[in-house]
1. Tell me which of these PRO32 doesn't satisfy, since it passes every other one: (1) in a helix (DSSP H, G or I); (2) more than 16 Å from the ligand (Cβ to nearest atom).
2. Regarding segment 142-158, can at least one residue be identified that is in contact with a strand residue (DSSP E or B) (Cβ under 6 Å, 6 or more places away or on another chain), in a helix (DSSP H, G or I), open to solvent by 10 Å² or more (accessible area, probe 1.4 Å) and within 16 Å of the ligand (Cβ to nearest atom)?
3. Please verify whether ALA237 is within 10 Å of the ligand (Cβ to nearest atom), of a type in the set (Gly, Ala, Ser) and farther than 24 Å from ALA66 by Cα, treating the condition exactly as stated.
4. Give segment 57-90 a look and list any residue that's hydroxyl-bearing (Ser, Thr, Tyr) and open to solvent by less than 40 Å² (accessible area, probe 1.4 Å), or say none.
5. Scan (1) more than 16 Å from the ligand (Cβ to nearest atom); (2) open to solvent by 20 Å² or more (accessible area, probe 1.4 Å); (3) assigned to a loop (DSSP other than H, G, I, E, B) for the single condition ASP139 breaks and write down its number.
6. In segment 6-18, is there at least one residue being assigned to a strand (DSSP E or B) and either farther than 24 Å from LYS211 by Cα or at pLDDT below 95 (or both)?
7. With the requirement that a residue be outside any loop (DSSP other than H, G, I, E, B) and in contact (Cβ under 8 Å) with a residue 60 or more places away in the chain, what does segment 203-218 give you?
8. When the residues of segment 91-107 are filtered to those that are of a type in the set (Asp, Glu) and either away from the ligand (no atom under 12 Å from the Cβ) or not in a helix (DSSP H, G or I) (or both), which remaining residue is surrounded by the most Cβ atoms within 10 Å (Cβ to Cβ)?
Amino acid sequence: MAQKLAAGNWKMNGTSASLAEIDAMLAAYPSPNCGILICPPATLLERMSRRIGDGPIATGAQDCHAAASGAHTGDTSAGMIKDAGGAYVIVGHSERRTDHGETDAIVRAKAEAAVGAGLVAIVCVGETETQRDEGVTLDVIGTQLAGSIPDNVTGVTLVVAYEPVWAIGTGRIPTIDQIVEVHDFIRARLVERFGGDVGTTVSLLYGGSVKPSNAAEIFAVGNVDGALVGGASLKAADFGAIIDALQDA
Ligand code: 13P
């Protein structure tokens, strides 16, 4: 069974004052029946991790470099994320693929480094609106999965997030049938490549305009094990409603 996971990606949002949201989440969820993860901006990762301590919320980063150290100004290695208290790192988010020209090969190298350093890699895949209109969604996802996921993963060190690019920050989500189709496809590809033991235990997250109002219907989909949430993860009240929906699913 894959672990249920409610993951928040704060993107480039949050300063010291935002740490109060973590206090509220810790108070509301002393012993959740699902995983809870927040990936704050790099500037808050260590402070947030320390604040949580042994608490039931994990922290992670939004990107890492593929190298362990060296002359890479502005970058952060997977080992540094672990040292700062992070347990997860998101790699290949569509905003990184677009803003920083990250290819599948780059994403794969980052994910490999992350797992090598003892982190869980959350590998993101997703089609653009044009690709969906052209009917090539599954081809695109298949290529991204094959190219972005390294060989060194296990069922607990890999998470895959399906984030249709056109659903991110837009308030639009795919139909439930479309989510079923893509998540079943991802599950089948993972089982094909890594075998049933690994393939069935990788958590598959849906991401893109997940809100308190649509979370329950998305979590009712068989191969949806949770969500990667952007805007609605910034406030404890909204994210809490999504966590509630996942706990009830
Ligand atoms: P929104 O939830 O703001 O649409 O963002 C989704 C996302 O990109 C999470 O990684």
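1. Result: PRO32 passes all but (1).
2. Scanning segment 142-158, I find at least one residue that is in contact with a strand residue (DSSP E or B) (Cβ under 6 Å, 6 or more places away or on another chain), in a helix (DSSP H, G or I), open to solvent by 10 Å² or more (accessible area, probe 1.4 Å) and within 16 Å of the ligand (Cβ to nearest atom), so the answer is yes.
3. When the stated conditions are applied, ALA237 does not pass them.
4. Within segment 57-90, THR59, SER77, TYR88 qualify.
5. ASP139 satisfies all of (1) more than 16 Å from the ligand (Cβ to nearest atom); (2) open to solvent by 20 Å² or more (accessible area, probe 1.4 Å); (3) assigned to a loop (DSSP other than H, G, I, E, B) except (3).
6. no
7. Scanning segment 203-218 gives SER203, LEU204, LEU205, GLY207.
8. Once the filter is applied, the top-ranked residue is GLU102.
The values are calculated or read from the model by the stated rules, or taken from the named source; none is laboratory data. Values in this document were obtained by computation on a predicted structure and should not be read as measured data. Cβ sites come from the backbone with ideal geometry, for glycine too, and all protein chains shown count toward neighbours. The area values use the complete protein model at the heavy-atom level, side chains included, leaving out ligands, DNA and RNA. Shrake-Rupley method; radii C 1.70, N 1.55, O 1.52, S 1.80 Å.
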